[in-house]
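Participant: Shown below is the structure under consideration.
The values are calculated or read from the model by the stated rules, or taken from the named source; none is laboratory data. These numbers come from a predicted model, not from an experiment. Cβ: placed from backbone, ideal geometry, glycine included. Neighbour counts: every protein chain shown.
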Amino acid sequence: MTAMLERTERTQHHSVVLRAAPWVAGAWTLVFGALVGLALLGRAPDPWVPDAASPLGALSGTQMSWVIAVLALLALVAGGVVAKVRTPRTTRATGWLLIVVGLVVAVVVSDVRALMFLGYLPQVLLAMVGVGPGAGQLEWGLFVDSGVALAHAAGGLALVVAGVSLLGQAEQGGRLDWGRWARWGRPAVAVAVVVPLLYAVTRIAWALDIPLGISRGMLEELGEAKWAGFGLGASAVVGAILTWGLVARWGEVFWRWVPGIGGRPVPIAMALVPGTLVAGVVMSAGISFWRMAITDDLWRVPGATSDWAAWAPEMLWPLWGVALAVACLAYLGRRTSARG
């Protein structure tokens, strides 16, 4: 009876993600389709603010509005095709279209500001009640821009999940076999844990007044900002610990001492949703730093280019994003295979 209950709960939580994805993807399509439509008609400002730290940082706000408009139109057309035509071939083609569009939105349209939103969110919440280095210094415009970037990441990943769901419908039996990813879990988690810890070490060292990878002059210029870096480093450590949970027993079953839910299976969505979201924003942020390196824009990062710790750990973020995505797929494969 217990095993049957666990299998039922896993199926329910897995299907919740698949059911919610089209709604989130549809919301992104309609909201940003409307916003860029108004912007292109001159009735509203462009919803994307140009930033050099973006994979498409060379584009203007208007040019990016056209990019988003085309992507939203493709997503809308895909939705219409799925509603009217349900042959396996069309379903499979539409699924791949949604996956490609979703990846472009989540990794290319979104940028490093999405990761900034997640990384600085605890400090922003503390600053709102007058605690921490950001108290009284909040710039809401930057916070809104970062929130928009995060919305692109969430909407794009929802498009990807919706596309994957369609591929499952096109397959015989109605679902994809995720079990093949399970064997990649441990090596992927190892990479996805080490990379953020490398970043965390530098930021925590700065907070301790140790100029690891930077000059003493840069450390002094940072001033109180080094504590904001400490917060980011601490968030990276927490993220690394949670990533470890993707291969740990406590990532599948709640500890027995936890009131109310102790001993019960961890909902798949509880690990999969934040894990894939972070994978997407980390990948996008990493591509942003690579673009700055290729276009000689690293001078925009605080410090000199010789202060390697200010930018070198971020160059590994695309690897972190891919590894975390694979780790999430392996977790999904292990959990869904276990219920058979």
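Participant: Against the definition (β-branched (Val, Ile, Thr), surrounded by 15 or more Cβ atoms within 10 Å (Cβ to Cβ), over 23 Å from Trp311 (Cα atoms) and in contact with a Ser or Thr (Cβ under 7 Å, 6 or more places away or on another chain)), how does Val101 come out, yes or no?
Facilitator: no
Participant: Considering only residues that are assigned to a helix (DSSP H, G or I) and of a type outside the set (A, V, I, L, M, F, W, C), look in the range 108-123 and name the one that is surrounded by the fewest Cβ atoms within 10 Å (Cβ to Cβ).
Facilitator: Pro122
Participant: Pull up the range 191-204, narrow it to residues that are free of Cβ contacts under 8 Å to residues at least 60 places away in the same chain and not basic (Lys, Arg), then point me to the one that is nearest to Cys328 (Cα to Cα). Can you show your working first?
Facilitator: First pass over the range 191-204, keeping only residues free of Cβ contacts under 8 Å to residues at least 60 places away in the same chain: 193-194, 197, 200-201, 203-204.
After this cut, where a residue has to be not basic (Lys, Arg) as well, the list is 193-194, 197, 200-201, 204.
Values: Val193: 13, Val194: 16, Leu197: 19, Ala200: 22, Val201: 25, Ile204: 27 Å.
By that ranking, first place goes to Val193.
Participant: Let me ask another. Among the residues of the range 294-302, are any of a type in the set (S, T, N, Q) and surrounded by fewer than 16 Cβ atoms within 10 Å (Cβ to Cβ)?
Facilitator: So far as the range 294-302 goes, yes, one or more of its residues are of a type in the set (S, T, N, Q) and surrounded by fewer than 16 Cβ atoms within 10 Å (Cβ to Cβ).
Participant: When the residues of the range 267-283 are filtered to those that are closer than 16 Å to Trp244 by Cβ and surrounded by fewer than 20 Cβ atoms within 10 Å (Cβ to Cβ), which remaining residue is modelled with the highest pLDDT?
Facilitator: This residue is Pro274.
Participant: For the range 251-266, what are the residues that are of a type in the set (Val, Ile, Thr) and exposed (fewer than 13 other Cβ atoms within 10 Å of the Cβ)? First the steps, then the outcome.
Facilitator: Filtering the range 251-266 down to residues of a type in the set (Val, Ile, Thr) leaves 253, 258, 261, 266.
If the condition is that a residue be of a type in the set (Val, Ile, Thr) and exposed (fewer than 13 other Cβ atoms within 10 Å of the Cβ), then Val258 is the only one that fits.
Residue-by-condition table, conditions (1) surrounded by fewer than 19 Cβ atoms within 10 Å (Cβ to Cβ); (2) among the β-branched types (Val, Ile, Thr); (3) assigned by TED's automatic domain parsing to the domain that holds Ala304:
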residue	(1), (2), (3)
Gly155	no, no, no
Leu198	yes, no, yes
Ile204	no, yes, yes
Leu212	yes, no, yes
Glu221	yes, no, yes
Phe230	no, no, yes
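Participant: Taking the options Ala248, Ala330, name whichever one is among the small types (Gly, Ala, Ser), in the same structural domain as Val191 (by TED's automatic domain parsing) and exposed (fewer than 15 other Cβ atoms within 10 Å of the Cβ). Steps first, please.
Facilitator: Details: Ala330 fails: exposed (fewer than 15 other Cβ atoms within 10 Å of the Cβ).
Criteria check complete, one pass: Ala248.
Condition check ((1) within 20 Å of the chain's Cα centre (by Cα); (2) outside any helix (DSSP H, G or I)) across all residues:
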residue: Ala58; (1), (2): no, yes
residue: Val67; (1), (2): no, no
residue: Ala72; (1), (2): yes, no
residue: Gly79; (1), (2): no, no
residue: Ala93; (1), (2): no, no
residue: Gly102; (1), (2): yes, no
residue: Ala106; (1), (2): yes, no
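Let's see how each residue does on (1) outside any helix (DSSP H, G or I); (2) farther than 30 Å from Ala207 by Cβ; (3) at pLDDT 95 or above:
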{"site": "Phe230", "(1), (2), (3)": "no, no, no"}
{"site": "Thr243", "(1), (2), (3)": "no, no, yes"}
{"site": "Val258", "(1), (2), (3)": "yes, yes, no"}
{"site": "Gly263", "(1), (2), (3)": "yes, yes, no"}
{"site": "Ile287", "(1), (2), (3)": "no, no, no"}
{"site": "Met292", "(1), (2), (3)": "no, no, no"}
{"site": "Leu324", "(1), (2), (3)": "no, no, yes"}
{"site": "Leu329", "(1), (2), (3)": "no, yes, no"}
